[in-house]
Amino acid sequence: MPDSTEKKTPEDTIATPNAEPLGPEAAAAPLDPSAPEPAASLQVQLDEAQAKVKAWEEEYLRARAEMENLRKRSAQEVLNAGKFAIEGFAEALLPVADSLEMALTLEHQTPDGLKGGVELNLTQLQQAFQKGRLTPIHPVGEKFDPNRHQAVSMVDGNAQNPPVPSNHVVQVMQKGYMVAERVLRPAIVVVAQ
């Protein structure tokens, strides 16, 4: 066991903790010439890592450009949908306009001919409304609904033939209309007291 008062040489102070001293075999073994130099190996690893980073950066930039293009296409589609949403409905109304214009060009019309033409136009208009998902609100006999009906007057429900229960629609003065499930125009009604 070495004495603690002994002086240490510089070689003793350089040794790392827990390092095993090199034996005579290790000192005598020559370095493996086929092993790559540490600096060259590190350079290869660095080059590979930089190539991966560059590939990932290019992939990121492509994905970002694709997302930007997708955003622009979506915005344009929304804009076009707003502009041309009425196109189908307007197309369904064209036959009605054509029939009305043709009726105005006829010089000698009979009352029956006029009535038949108006009925034809009404049928065409109802078909156009159906294509546009426009449905009438005609609530005679239904319970009054302030979300779909607008009351203009109240009458005695018992005086009606047949009697109408209180707070129910007696008469429709003007039909209401809905687009899909949203009220476009409420029905104007007379309600029983």
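Among (1) modelled with pLDDT of 90 or more; (2) outside any helix (DSSP H, G or I); (3) open to solvent by less than 90 Å² (accessible area, probe 1.4 Å), there is one condition Q109 misses while meeting the rest; what is its number?
It is condition (1) that Q109 fails.
With among the charged types (D, E, K, R) and surrounded by 12 or more Cβ atoms within 10 Å (Cβ to Cβ) as the only criterion, which of K83, K143, K72, K115 stands out?
Testing whether each residue is among the charged types (D, E, K, R) and surrounded by 12 or more Cβ atoms within 10 Å (Cβ to Cβ) leaves just K143.
So, in the stretch 122-159, exactly how many residues are among the hydrophobic types (A, V, I, L, M, F, W, C), farther than 19 Å from L94 by Cα and out of contact with any strand residue (DSSP E or B) (no Cβ under 6 Å at 6 or more places or on another chain)?
So the count comes out to 1.
L125 passes all but one of (1) of a type in the set (A, V, I, L, M, F, W, C); (2) touching a helix residue (DSSP H, G or I) at 6+ places or on another chain (Cβ under 9 Å); (3) open to solvent by 100 Å² or more (accessible area, probe 1.4 Å); which number fails?
Against the list (1) of a type in the set (A, V, I, L, M, F, W, C); (2) touching a helix residue (DSSP H, G or I) at 6+ places or on another chain (Cβ under 9 Å); (3) open to solvent by 100 Å² or more (accessible area, probe 1.4 Å), L125 comes up short only on (3).
Hey, among V152, V189, V172, which residue is over 22 Å from G132 (Cβ atoms), open to solvent by less than 80 Å² (accessible area, probe 1.4 Å) and assigned to a strand (DSSP E or B)?
Step by step, each of V152, V189, V172 is checked, and only V189 is over 22 Å from G132 (Cβ atoms), open to solvent by less than 80 Å² (accessible area, probe 1.4 Å) and assigned to a strand (DSSP E or B).
So I137 clears everything in (1) within 34 Å of the chain's Cα centre (by Cα); (2) surrounded by fewer than 16 Cβ atoms within 10 Å (Cβ to Cβ) except one condition, right? Which one?
Result: I137 passes all but (2).
I'm trying to understand the selection: among the residues of the stretch 137-176, which are in contact (Cβ under 8 Å) with a residue 12 or more places away in the chain and in contact with a helix residue (DSSP H, G or I) (Cβ under 8 Å, 6 or more places away or on another chain)?
Across the stretch 137-176, the qualifying residues are V164, P165, S166, H168, V170.
The values are calculated or read from the model by the stated rules, or taken from the named source; none is laboratory data. Since the structure is predicted, the reported quantities are computational estimates derived from the model, not experimental observations. We place every Cβ from the backbone using ideal geometry, glycine too, and count neighbours over all the protein chains shown. Side chains included, ligands, DNA and RNA excluded: accessible areas come from the protein's heavy atoms. Shrake-Rupley method; radii C 1.70, N 1.55, O 1.52, S 1.80 Å.
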